[in-house]
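Values in this text are rule-based calculations from the coordinates and carry no lab data. Fair warning: this is a prediction, and the values are worked out from it, not measured in the lab. Because the Cβ atoms are built from the backbone with ideal geometry, glycine has one as well, and the counts that use them run over all protein chains shown.
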Amino acid sequence: METAQILPALQASPLTLKGEFVWGSNHTFLVEVQTPEGAFLAVYKPSRGERPLWDFPEASLAQREVAAYLVSQALGWELVPPTVYRPEGPFGAGSLQLFIDHDPEYHYYNLSDADIQRLRPAALFDLLVNNADRKGGHIIFDAQGRLWLIDHGICFHTEPKLRTVIWDFAGEAIPAGLKDDLATFQRKLSEDAALITALRPLLAAEEIAALSARAEHLIQHAHFPAPPPERRPTPWPPL
């Protein structure tokens, strides 16, 4: 099923609860999305199931999941599975994301050298969205070997929050093609009314401004940074 079909199905098609992912901090469910073309699985994160955090606004993580998808699409990288904010669901409003079938035993800590080398866009994406929780298990590959990034509820803070396992490229120059994508994205943040309109219900105005500032910083400095010495640079647990 194409993305153009998946998004409206995620937004409005009937859902059947299939199970719960029990290892995370917040309530997360596996649901089946029913469409005339057939059913597919999705990950449902209701806002009412979010554990409050001291440094993020209450009941805002589902919106950040959607914002991460929109940023990934605007960059042209398509790293985040199709994601929508759904106003109703089995447990109320929340994010709904296409489930990517993958081997959970194949993650950052046992990736091949070749797959590690494919992670530069992932590392850059986390820098841009200020991801505070890039665990090793949030980097997945589907059966066709396509790279996907999941779990972006703790992103887009205005203060530096980056915690990630991907520090492999520290000190390297950002590849020219990725830098060009960042420049195009930054222009979209000021010129693309559709993107701004889509982000405004999901992020505060100051968070969108901080997103633009991070893009500018990455373009100007043009290198992957080293881990910050003044704070913990990796998430816990790391997987």
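Electrostatic bookkeeping for Trp236 treats Lys and Arg as +1 and Asp and Glu as -1; over the other residues with beta carbon under 11 Å from its beta carbon, the sum is +2. Compactness of the chain is given as radius of gyration and Dmax, 17.2, 53 Å, from Cα positions. With a Förster radius of 25 Å applied to the C-beta separation of Ala114 and Thr184, the computed FRET efficiency comes to 0.35.
Overall, the chain carries a charge dipole of about 380 debye about its Cα centre when +1 sits on the Cβ of Lys and Arg and -1 on the Cβ of Asp and Glu, all other atoms neutral. No solvent, one uniform scatterer per C-alpha: report log10 I(q)/I(0) for the stretch 47-148 via the Debye equation at q = 0.10, 0.14, 0.16, 0.17 1/Å, two decimals. Treating every Cα as an identical point scatterer, log10 I(q)/I(0) equals -0.31, -0.61, -0.79, -0.89.
Kirkwood hydrodynamic radius of the stretch 116-195, from the reciprocal of the average inverse Cα-Cα distance over all distinct pairs: 13.9 Å.
Working from Cα pairs under 8 Å separated by at least six residues, relative contact order for the chain is 18 percent.
Between the stretch 175-216 and the stretch 1-32, the alpha-carbon centres lie 27 Å apart. Annotation note: GluC sites (Glu not before Pro) in the stretch 41-77 located in DSSP loop regions with a Cβ neighbour count of at most 11 within 10 Å are Glu58. For Ser95, nonlocal amide neighbours, meaning residues 5 or more places apart or on other chains whose placed amide H falls under 5 Å from its own, are Lys45, Ser47, Arg86.
Across the chain, the longest run free of exposed loop sites, meaning chymotrypsin sites (Phe, Trp or Tyr not before Pro) lying outside DSSP classes H, G, I, E and B with no more than 12 other Cβ atoms within 10 Å, spans 55-239.
Across every pair of different alpha-carbon atoms, what Kirkwood hydrodynamic radius in Å does the stretch 1-58 reach? One over the average 1/r among Cα pairs gives 12.8 Å for the stretch 1-58.
Is the shape of the stretch 42-91 rounded, prolate or oblate, going by the alpha carbon gyration tensor and its root eigenvalues a ≥ b ≥ c, with a/c under 1.5 for rounded and a/b larger than b/c for prolate? Since a/c reaches 1.5 but b/c is at least a/b, the shape of the stretch 42-91 is classed as oblate.
Stokes-Einstein D for the stretch 141-239 at 20 °C, 1.002 mPa s, Kirkwood Rh over Cα pairs, in µm²/s? Using the Kirkwood radius from Cα pairs, D works out to 138 µm²/s.
Do you know the relative contact order of the stretch 78-126, to the nearest whole percent, from alpha carbon pairs under 8 angstrom that are 6+ apart? Averaging sequence separation for qualifying contacts and normalising by length gives 26 percent for the stretch 78-126. Loop-located GluC sites (Glu not before Pro) across the stretch 114-206 with a Cβ neighbour count of 14 or fewer within 10 Å are Glu172, with loop assigned by DSSP.
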